[in-house]
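Quick notes on the structure that follows.
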Amino acid sequence: MRPPPPLPTSSGPDVSDEDGAREVLDGFLAPLAGDDPEQLYDRAPCGYLTTMPDGLIAKANQTFLTLTGYVESDLVGRRRFVELLTPGGRIYHETHYAPMLEMHGTAREIALDVVCADGRRLPVLLNSVLEHDISGMPTVVRTAVFDATQRTKQRAEESEVRARKLAHTLQQSFIPPTHPDIPGLELAAVYRPAGDGTEIGGDFYDVFEIGPEDWCVVIGDVCGKGVEAAVVTSLARYTVRAAAVRQTEPSAALATLNEVLLHHETDRFCTLTVLRLRHEAGDWTATVSCGGHPLPFLIRPPAPAVTIGSPGSLVGPLDAPRFSDTAVELGTGDVIVMYTDGVTEARNHMGEFYGDERLREFLVAGRLSAPTLVDGLLDEVMQFQSQQPRDDIALVAIAVPDSEH
Amino acid sequence: MGVVGRFNVMVSGRPDGQPMVFAHGFGCDQHMWRYVAPRFEDEFRVILFDHVGAGGSDLAAYDPGRYNSLGGYAEDVLTICCELDLHDVIFVGHSVSAMIGVLAAGAEPERFAKLILIGPSPRYIDDGSYVGGFGESDIEELLDSLESNYLGWSSAMAPVIMGNAERPQLGEELTESFCRTDPQIAHQFARVTFLSDNRADLAKVATPTLVLQARQDVIAPVAVGEYVAAALADSRLVLLDATGHCPNLSAPDATAAAIANFVRS
């Protein structure tokens, strides 16, 4: 068995231990030796300003001067802090910041832009305290100035992410939730929003069943962009859905939508094509009505593609619009193509439009299935404008397949 | 809701005294007057209120259509005067409320005995040879500042809703709401304030008017104060030895003295 370790012995006052502790403490504090008050002030990780109650700058630390590019003699005794702000920031300073400071004695986390010596704008966050003398009279204002460049950048990024998410969610409501399928017909559709995905455009399409062998296909474009256009897009989609159930003629659905938009507070209008497809006695009939929208094409090989229907008024701005219906019997191999002007008004780097002619040429390029046609056309139009669409593109193709399909 | 609740009206001073109505400017509320208004309670009936959208006003009464111009705010001033049956009114308006007072006095001159305009500007945006001090893009910058600084507004609003004049211990909490406004209301009020042009309205006022102008004011410079005084039929201009747009806070003694000199018989 090992003997227990000897207990520490003490002989008089424990000088050696006290010395050791002091040594450790000294070693710990050694790096702080340079922390004289002046350095603490000048090299602080934020700008410091001392201003008189009237705003005149009395003192500025080196960090503030480095951040803003001013030299001390530009500021001290010469400039008031408010004069370093942008004009809009000055109003904010005078109407919010200064009164808050007067009233509360402090102002916290105020975001403003300081105009630097070279004219550059530095986003900053300010914390200020107003000091008083014993009689309660204001003496000086002390302000800590934090460089908020990163924070501002981060805010911008976050807001872009939010905008993208909002745009995506809204755009999902512009097209049917699941890929539409009309029994006995071959249907394909694509939708490509404009730009980088943060903008909300006004193109939409819809496919829905009204009754057995009775379907409606709608494509449209609400003028403008943004959330307000999106509201009108939803309104247009659901109004046409409701109207098509009650009224057989596509022109009647357009007239109803026109009436609804006239009485809606929006000034926005839209263009729209409504196509009704009915299967009777073994044949499909397409009845089309257009409201200011590009007319659909009918491809009946080997004939060149022809437009069907007549143009009609824009939907929404007029008290007495004109819409008409055109019926076409469809045969095996026929394809109807509906599109928005994002196709024909696509521009290449020379500023040329894709245009009707290129579209017609594409449509006669050979017999294509509906999916091949919409995918191929979207690819071509995207390539034409170097993959940077400035407008939304919506495309719907309906083909009558060979009977053996 | 009556005018008292809608505008958070606070009445003090001598019930039989001549009414003095104090109207605060853009960005703040009636607490703006706390160093000045009490000094007139000995002789006058002192009426403080918050514009709809500010301080303890009824936010539900905010109607973007009504407040799409300063005219809506001027109508409010007339409504308060009418409901409280105020006559021979001394109107003290700071900043944008100076022009609101000009509009009210132009519409119902018989209601007003005197106007005191502190830091008035009939137009903030430069226009030809007229120097208001700002460009239109500056106002966009202001709106950006408002947007970056609205955080914390909703939590700060809670105390004001429970605020009560009979419970002075809530006084400090009340001022917590000071300078905080619903961001959308602040946005519209800023637009309406800083894009308005009331130069033509000055000539319609014959009420004796005191223009109080701080020597250093980046929002309403001295030249603008001089313009206002010159355009009014019956006015005097007093330059205050004060810095900033709120002499009622930064130089309350001088401000109160100048007002007293004008209103006390």
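The values are calculated or read from the model by the stated rules, or taken from the named source; none is laboratory data. This one's a predicted model, so the numbers in the text were calculated from it and none came from an experiment. Cβ placement follows ideal geometry from the backbone for every residue including glycine, while neighbour counts extend to all protein chains displayed. What goes into the accessible areas is simple: the full protein's heavy atoms, side chains included, and nothing from ligands, DNA or RNA. Shrake-Rupley method; radii C 1.70, N 1.55, O 1.52, S 1.80 Å.
What is chain B by shape, rounded, prolate or oblate, if you read a ≥ b ≥ c off the alpha carbon gyration tensor as root eigenvalues and call it rounded for a/c under 1.5, prolate for a/b larger than b/c, and oblate otherwise? Spell out each step's value before the answer.
Numbers: a/c = 1.42, a/b = 1.05, b/c = 1.34.
Because its axes are fairly even, with a/c under 1.5, chain B counts as rounded.
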For the range A:328-405, average projected area of the Cα convex hull in nm²
5.4 nm²
Using the C-alpha gyration tensor of the range A:28-164, what are the square roots of 5 times its eigenvalues, in whole angstrom, with the largest one first?
25, 22, 16
Principal-axis tilt of helix A:149-172 within chain A, Cα atoms, nearest 10 degrees:
20 degrees
Translational D (Stokes-Einstein, µm²/s) of the range B:1-78 at 10 °C and 1.306 mPa s when Rh comes from the Kirkwood sum over C-alpha pairs?
122 µm²/s
GNM result for chain A, Cα springs below 10 Å: residue of A:P304, A:P212, A:P296 fluctuating most strongly:
A:P212
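Roughly how large is the A-B contact in terms of buried accessible area, totalled over both chains, probe 1.4 Å, nearest 100 Å²?
Result for this pair: about 2400 Å² buried.
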Could you tell me whether the range A:268-405 comes out rounded, prolate or oblate from its Cα gyration tensor? Rule is a ≥ b ≥ c as square roots of the eigenvalues, rounded for a/c under 1.5, then prolate if a/b exceeds b/c, otherwise oblate.
oblate
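Dipole size in debye (nearest 20) for chain B around its Cα centre, Lys and Arg Cβ +1, Asp and Glu Cβ -1?
The calculation lands at about 540 debye.
Ignoring ligands, DNA and RNA, what percent of the accessible area of the range A:331-405 is carbon or sulfur (1.4 Å)?
Summing carbon and sulfur atoms, their accessible area is 46 percent of the total for the range A:331-405.
Suppose only helical runs count, i.e. DSSP H with n ≥ 4. What mean residue ellipticity at 222 nm does that imply for chain B under -39500 (n - 2.57) per run, divided by all residues and rounded to the nearest 500 deg cm²/dmol?
After summing the helix terms and dividing by residue count, I get -11000 deg cm²/dmol.
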Based on the Cα atoms of the protein assembly as shown, what semi-axes does the equivalent ellipsoid have, where each is the square root of 5 times one gyration tensor eigenvalue, given in whole Å with the largest first?
63, 41, 24
From the Cα trace of the range B:1-132, what convex hull volume per residue do you get, rounded to a whole Å³?
111 Å³
Mind listing which GluC sites (Glu not before Pro) in the range A:319-405 are in a DSSP loop and have 10 or fewer other Cβ atoms within 10 Å?
A:E404
Can you give me the % of accessible surface on the range A:66-119 that is carbon or sulfur? Probe 1.4 Å, all protein chains present, nothing else counted.
43 percent
Given Cβ point charges of +1 (Lys, Arg) and -1 (Asp, Glu) and nothing else, what value in debye, to the nearest 20, does the dipole of the range A:159-217 about its Cα centre take?
460 debye
Per residue of B:134-145, how many C-beta atoms from partner chains lie within 10 Å of its own C-beta, taken as a mean?
5
Residues losing 40 Å² or more accessible surface upon assembly, the range A:91-124, compared with the chain by itself, 1.4 Å:
A:I91, A:Y92, A:E94, A:T95, A:H96, A:P99, A:M100, A:E102, A:M103, A:H104, A:A111
For the range A:242-299, shape from the Cα gyration tensor axes a ≥ b ≥ c, cut at a/c of 1.5 then a/b versus b/c, turns out oblate
Students sometimes get this wrong: rank A:F146, B:F49 by accessible area, probe 1.4 Å, all chains present, largest first.
A:F146, B:F49
Carbon-plus-sulfur fraction of the accessible area of the range A:213-313, 1.4 Å probe, in percent?
56 percent
How many times 2.2 N^0.38 Å is the alpha carbon radius of gyration of the range A:28-100?
1.33
Relative contact order, percent, of the range B:1-101 when contacts are C-alpha pairs under 8 Å separated by at least 6 residues?
36 percent
Going by a 1.4 Å probe on protein heavy atoms, which residues of the range B:208-230 end up with at least 10 Å² less accessible surface in the whole assembly than in their chain alone?
B:Q216, B:V218, B:I219
Heads up, I need the accessible area for B:Y227: 1.4 angstrom probe, whole protein in place, Å², nearest 10.
90 Å²
Accessible area per residue for the protein assembly as shown in Å², computed with a 1.4 Å probe and the full protein assembly in place, what is it?
47 Å²
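Which sequence of A:E83, A:E23 reflects their accessible areas, 1.4 Å probe, from the largest down?
A:E23, A:E83
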